[in-house]
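The values are calculated or read from the model by the stated rules, or taken from the named source; none is laboratory data. This structure is a prediction, so every number in the text was calculated from the model and none was measured. Cβ coordinates were reconstructed from backbone atoms using ideal geometry, including for glycine residues, and neighbour counts include every protein chain displayed. Heads up: the accessible areas ignore ligands, DNA and RNA and are worked out on the full protein's heavy atoms, side chains in. Shrake-Rupley method; radii C 1.70, N 1.55, O 1.52, S 1.80 Å.
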Amino acid sequence: MEYVNPEGLRLDGRRPLEMRQLRAEIGVVARADGSAVFEMGNTKVIAAIYGPREVQNKSQQINDQAVVRCEYSMANFSTGDRMRKPKHDRRSTEISLVIRQTMEACILTHLMPRSQIDIFVQVLQADGGTRSACINAATLALADAGIPMRDLVTSCAAGYLNTTPLLDLSYVEDSAGGPDVTVGILPKLDKVTLLQMDAKLPLDTFETVLQLAIEGCKAVANYIREV
């Protein structure tokens, strides 16, 4: 299958180094302390923050910092696949952990000792890049909740298909089986907080794809600052 045509356009009409359209809205869940919807093309995610609040399970309380918890899920209608997926399947547990660890790297947890921050993220519509969209939604929701952070962490993915580096993969591109790299950065601090790769790449190609994903993260950061 041809993912970039002779005119240099992808299946959805984008250039190889072009991101999908970004959309965001904060304050979408009235009862949450902070919330946001974030869209990357046809991928749409909602995040809600509750806290900082009293730790519900005292055995998990940490005296010198806040406990961060995260729950990721996909709405049953998000993919068009009619098969019901278990709520806590292996992939959901892994993505919950990735989001939590990425957020812990930016939240100033030491300013909120003996408290708990709950992050709930749900994919409403999935078309590739859900992991990045979840992190971007959670960042906006944390900011909406007034949670103190080192920086706004942003995320984007890039891949390599048929010898062509591609930014911000759609589901069709992501499903093609080529390697892809998901990155999360703290843009002001110029630090990488998340790096995931699902296949091996030659070093020079990896560096190209990694830099492309970082540029995507910076583009998301520029957009988020305007929300």
If the only charges are +1 at each Lys and Arg Cβ and -1 at each Asp and Glu Cβ, what is the size of the charge dipole of the range 5-55 around the Cα centre, to the nearest 20 debye? 80 debye
Quick one: P(r) of the range 132-192 from all Cα-Cα pairs, 5 Å bins, percents rounded to integers, in order of increasing distance. 4, 17, 23, 19, 14, 11, 8, 4, 1
For the range 141-150, 3J(HN,Hα) per residue [Karplus equation, 6.51 cos²θ - 1.76 cosθ + 1.60, θ = phi - 60°, Hz, x = Gly/Pro]: 5, 4, 5, 5, 7, x, 6, x, 9, 5
Hey, can you grab everything whose amide H is under 5 Å from the amide H of residue 195? Only 5+ residues off in sequence or another chain; H modelled, so Pro and N-termini drop out. 184
Roughly how many debye, to the nearest 20, is the charge dipole of the range 59-206 about its Cα centre, given +1 on each Lys and Arg Cβ, -1 on each Asp and Glu Cβ, and no other charges? 460 debye
May I ask which residue of 62, 181, 5 lies farthest towards the positive end of the charge dipole of the chain, with charges of +1 (Lys, Arg) and -1 (Asp, Glu) on Cβ and the Cα centre as origin? 62
Mean separation of Cα contacts under 8 Å (6+ apart) over length of the range 63-181, as relative contact order %: 28 percent
Under 5 Å from the placed amide H of residue 201, counting only residues 5+ away or on other chains, we find none
With an 8 Å Cα cut-off and a minimum separation of 6 or more residues, compute the relative contact order for the chain in percent. 21 percent
So with the 1.4 Å probe, I'd like the accessible area per residue for the chain, rounded to whole Å². 51 Å²
Of all the accessible heavy-atom surface of the chain, with the other protein chains kept in place and a 1.4 Å probe, what percent is carbon and sulfur? 49 percent
Net charge, residue 49 excluded, C-beta distance under 10 Å - Lys, Arg +1, Asp, Glu -1: -3
Apply the Karplus curve 6.51 cos²θ - 1.76 cosθ + 1.60, θ = phi - 60°, to the phi angles in the range 211-227 and return the couplings in whole Hz, x for Gly and Pro. 5, 5, 5, 5, 4, x, 4, 5, 5, 5, 4, 5, 5, 4, 5, 8, 6
Proximal lysine pairs, the chain, alpha carbons under 25 Å, eight or more residues apart or interchain: 7
As an exercise, identify the GluC sites (Glu not before Pro) in the range 183-227 lying in DSSP coil whose Cβ has no more than 16 other Cβ atoms within 10 Å. 226
For the range 1-78, state which chymotrypsin sites (Phe, Trp or Tyr not before Pro) are in a DSSP loop and have at most 15 other beta carbons lying within 10 Å of their beta carbon. 77
With charges set only on the Cβ (+1 for Lys and Arg, -1 for Asp and Glu), what does the dipole of the range 133-227 come to about its Cα centre, in debye to the nearest 20? 320 debye
Trypsin sites (Lys or Arg not before Pro) restricted to DSSP loop in the range 91-152 with at most 15 other C-beta within 10 Å: 114, 150
So what are the three principal axis dimensions of the range 177-227 from its Cα atoms, in whole Å, longest to shortest? 36, 22, 15
What is the set of long-range amide H partners of residue 105 at a cut-off below 5 Å, with H atoms built 1.01 Å from backbone N? none
